[in-house]
Every structure is written in structure tokens, then in C-alpha cells.
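Enquirer: Quick one: the structure is below, and I'll ask about it shortly.
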Amino acid sequence: MNFESELLNDRSKENMQALASHIIQYPEKLPELIQLLDISNKSESQYRAAWVLGYLAPLGTGQFEPHFTHLINLLDIQELHPTIHRSITRLFQYITLPEDYHGRIIDVCFNILSSDEHLSAQRANCMTILHNYSKIYPEIGHELDIVISEILEYKKDPALQSRGKKVLNTLRKKS
């Protein structure tokens with residue numbers, strides 16, 4: 001299967017989910033998809049590959065391990081299509097990275113969450129990621145509470161309001 005041509009020929013949600021199902025069935029195909037996320041690939045296939053990536057959490061952490069550095073580095077590149085950030089953060093909500101990456105992903109997520117330059121979906125996903133890591137590192141819970149409280153006060157976006165309230169309720173129950 002040529003992922004690039006499949007991504008360019010049919011941009012339907014059903015096709016993206018079918019491609020994800022194919023990769024879940026044949027995990028050895030994951031590197032082909034990840035390769036399309038290369039920053040030198042400026043075609044539509046780049047962000048469509050990211051769209052598929054967002055559905056691949058069932059593969060589990062192990063399949064993504066060789067790609068964590070690349071995926072986290074992509075989150076630092078502001079100029080990329082927003083779908084790329086949204087899909088990577090969507091994926092990272094459902095998998096736990098190895099401990100070596102915890103500090104880096106926490107840093108990147110706080111940067112995204114605190115930035116008005118990022119879209120609401122990316123920021124909401126980062127709330128969940130940070131909430132997940134606050135279970136491992138309780139000390140980030142206080143900072144997360146402060147950042148989310150500020151967002152709830154000044155940003156009236158429904159996605160941020162909804163996710164922010166849910167995360168805050170859970171954080172505050174723990175304290």
C-alpha cells in the first residue's frame with residue numbers, strides 16, 4: 001500500500017480510519033506513515049498522515065518508541081499545519097512515554113497550553129496529557145491548576161472550558 005497516494009486520493013474520515021486500521025493490523029507499516037511527517041514534506045500528505053496518527057493509540061507505547069523524539073520535536077515547530085500538533089497531542093493522551101521523555105513532553109505541553117498561538121484542540125489535549133503526568137509527578141498539579149484557572153478566566157472557548165473544568169475537578173479532588 002502506498003500511504004501517500006491513499007492519503008491524497010481520498011481525504012474522508014472513513015479512509016483515514018481505514019488506513020489507521022491497516023497500520024494497527026500491520027504495525028511494521030508505522031515507519032512509512034511517520035516518514036510522511038518529515039518537516040521537509042510540505043505536501044497535503046504530511047498533515048493527512050498526522051490525521052491517521054491520531055487514531056493509532058491502540059498500537060501502544062512500544063510501537064512508537066523509535067519515533068518519540070521526532071514526534072515531540074514536531075510539537076516545537078510552530079509553522080506546521082495545526083493538524084500535526086493536534087494529532088500528536090491526541091495520540092499522547094492515550095499512551096505513556098518512557099520516563100526519559102517525561103520532562104520534555106511536560107515542558108512542551110505546558111508551552112502549548114500557555115500559548116494563544118495554538119488551537120483549542122491542541123491545548124485541550126495538552127491539559128489531559130499534563131493531568132496524566134500529574135499522577136506520576138504530583139508537583140506539576142499545582143502549576144497545571146494555575147494555568148488552567150487562568151485559561152478558564154480569560155478564554156471562553158467551549159472546548160477549553162469543558163476540558164479545563166474536568167481536569168480541575170479531578171486535580172482538586174486529589175488535594
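Enquirer: Taking 22 Å as R0, compute the FRET efficiency from the Cβ-Cβ separation of ASP116 and THR61 and round it to 0.05.
Expert: 0.10
Enquirer: Can you compute the charge dipole magnitude of the chain about its Cα centre, using +1 on each Lys and Arg Cβ and -1 on each Asp and Glu Cβ, nothing else charged? Give it in debye, rounded to the nearest 20.
Expert: Taking the Cα centre of the chain as origin, the dipole is about 820 debye.
Enquirer: While we're looking at this one, here's another question. With every protein chain present, what is the per residue accessible area of the range 1-114 (1.4 Å probe, Å²)?
Expert: Each residue of the range 1-114 exposes 48 Å² on average to a 1.4 Å probe.
Enquirer: Taking the chain as the reference, fit the longest principal axis to its C-alpha atoms, fit the long axis of helix 120-134 to the helix C-alpha atoms, and give the angle between the two in degrees, 0 to 90, nearest 10.
Expert: 70 degrees
Enquirer: Turning to a different aspect of this structure: Of the chain, which part is the longest with no GluC sites (Glu not before Pro) in a loop (DSSP not H, G, I, E, B) and with at most 13 other C-beta atoms within 10 angstrom?
Expert: 1-78
Enquirer: Sticking with this structure for a sec: Take the Cα radius of gyration of the range 48-175 and divide it by 2.2 N^0.38 Å, with N its residue count; two decimals is plenty.
Expert: Normalised Cα radius of gyration, the range 48-175: 1.00.
Enquirer: Working from Cα positions, state the angle (0 to 90°, nearest 10) between the long axis of helix 102-113 and the longest principal axis of the chain.
Expert: Taking the Cα atoms of the chain, the angle to 102-113 is about 80 degrees.
Enquirer: Could you pull out every one of the lysines with an alpha carbon less than 18 Å from that of LYS174, ignoring same-chain neighbours closer than 8 positions?
Expert: Result set, ordered by chain and number: LYS135, LYS165, LYS166.
Enquirer: Can you tell me the orientation of helix 44-53 relative to the chain, as the angle in degrees between its alpha-carbon axis and the longest Cα principal axis, to the nearest 10?
Expert: 60 degrees
Enquirer: Follow-up. Please give the contour-minus-distance gain from ALA159 to ASP76: 0.36 nm per residue of separation, less the Cα-Cα distance, rounded to one decimal in nm.
Expert: Net length gain for the segment: 27.7 nm.
The values are calculated or read from the model by the stated rules, or taken from the named source; none is laboratory data. These figures come from a predicted structure and were not determined experimentally. A quick note on method: Cβ atoms are made from the backbone with ideal geometry, for glycine too, and the neighbour counts reach across all protein chains shown. What goes into the accessible areas is simple: the full protein's heavy atoms, side chains included, and nothing from ligands, DNA or RNA. Shrake-Rupley method; radii C 1.70, N 1.55, O 1.52, S 1.80 Å.
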